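A.B. asks: Dropping the structure in here first, questions after.
The values are calculated or read from the model by the stated rules, or taken from the named source; none is laboratory data. These numbers were taken from a predicted model, which means no experiment stands behind them. Here Cβ is always computed from backbone atoms with ideal geometry, including for glycine, and neighbour counts include all displayed protein chains. The accessibility values were calculated without ligands, DNA or RNA, using every heavy atom of the protein model including side chains. Shrake-Rupley method; radii C 1.70, N 1.55, O 1.52, S 1.80 Å.
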Amino acid sequence: MFDLDRFIVDCRAALAADASHKAMREVVARAVADPGAVLGGLGEPQRGAVHTLYHSDDLTILNVIWPPFMTIMPHNHLMWAVIGVYTGREDNIFWRRAEGDTGKVEAAGAKALGVRDAEPLGRNIIHSVTNPIPRLSGAIHVYGGDFFAAERSEWDPETLSEGRYDVAKNMQLFERANAPHASA
Ligand SMILES: [Fe+2]
């Protein structure tokens, strides 16, 4: 059984033991190794949303439910992260800053994450994320800092030009992406 309080205690202990994401990856990998238990503990996803499970200055834990076919634009975090998928799929495109002083990014790689994958993302990673399937995908996202307060960047998905990451707008994107698939 996945117990959220226990998971938070384990994450805090991992952070205390190791300031990098290595110990945290083990904690997340252990959790998503039993995806049925995570679904039982967090509940079956009902609609796209970002649920905050834990939030402090040095640690943020989110339950990210991706609406079908949703894509979020390239963005950075400026803190490490560990993504653990417990239902569906998250396809990542990784980006790097283009040469010169254009502020733009160029594609640098990709990684498809499926159920039971626990993927560490370095502090300076830039990624965009797609849920490529016609149903909700769900993942636990653990960040080594305050996800909501950090000043960071997003890149326009059409022009790939850099802008200021807008947390409120991006949370709304999850809500809006539900609309085409709403049953009510
Ligand atoms: Fe991200």
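A.B. asks: Yes or no: Gly103 farther than 24 Å from Cys11 by Cβ, more than 11 Å from the ligand (Cβ to nearest atom) and open to solvent by less than 60 Å² (accessible area, probe 1.4 Å)? Walk me through it before giving the result.
C.D. replies: Values: farther than 24 Å from Cys11 by Cβ: yes; more than 11 Å from the ligand (Cβ to nearest atom): yes; open to solvent by less than 60 Å² (accessible area, probe 1.4 Å): yes.
So Gly103 passes the test.
A.B. asks: Given the stretch 133-184, what strands (runs of 3 or more DSSP E) lie entirely inside it while holding 2 or more residues that are crowded, with 17+ Cβ neighbours inside 10 Å and of a type in the set (Ser, Thr, Tyr)? Give the derivation first.
C.D. replies: Numbers: elements: 137-143, 153-155, 162-164.
Fully inside the stretch 133-184 and qualifying: 137-143.
A.B. asks: Does Phe94 satisfy the condition of being open to solvent by 30 Å² or more (accessible area, probe 1.4 Å) and within 13 Å of the ligand (Cβ to nearest atom)?
C.D. replies: Details: open to solvent by 30 Å² or more (accessible area, probe 1.4 Å): yes; within 13 Å of the ligand (Cβ to nearest atom): yes.
For Phe94, the condition - open to solvent by 30 Å² or more (accessible area, probe 1.4 Å) and within 13 Å of the ligand (Cβ to nearest atom) - is met.
Condition check ((1) more than 26 Å from Ile126 (Cβ to Cβ); (2) in contact with a His (Cβ under 8 Å, 6 or more places away or on another chain); (3) of a type in the set (S, T, N, Q); (4) within 15 Å of the ligand (Cβ to nearest atom)) across all residues:
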| position | (1), (2), (3), (4) |
| --- | --- |
| Gly43 | yes, no, no, no |
| Asp58 | no, no, no, no |
| Ile65 | no, yes, no, yes |
| Leu78 | no, no, no, yes |
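A.B. asks: Further question on the same structure: Just for the stretch 114-136: of the residues that are in contact with a Gly (Cβ under 9 Å, 6 or more places away or on another chain) and among the hydrophobic types (A, V, I, L, M, F, W, C), which one is nearest to Ser161 (Cα to Cα)?
C.D. replies: Ranking the candidates gives Ile133 first.
A.B. asks: Output the qualifying pairs, or none if there are none: Cβ atoms under 7 angstrom, residues six or more apart or on different chains, first residue in the stretch 44-69 and surrounded by 14 or more Cβ atoms within 10 Å (Cβ to Cβ), second residue among the acidic types (Asp, Glu).
C.D. replies: Within 7 Å, the pairs are Thr60/Asp146; Trp66/Glu90.
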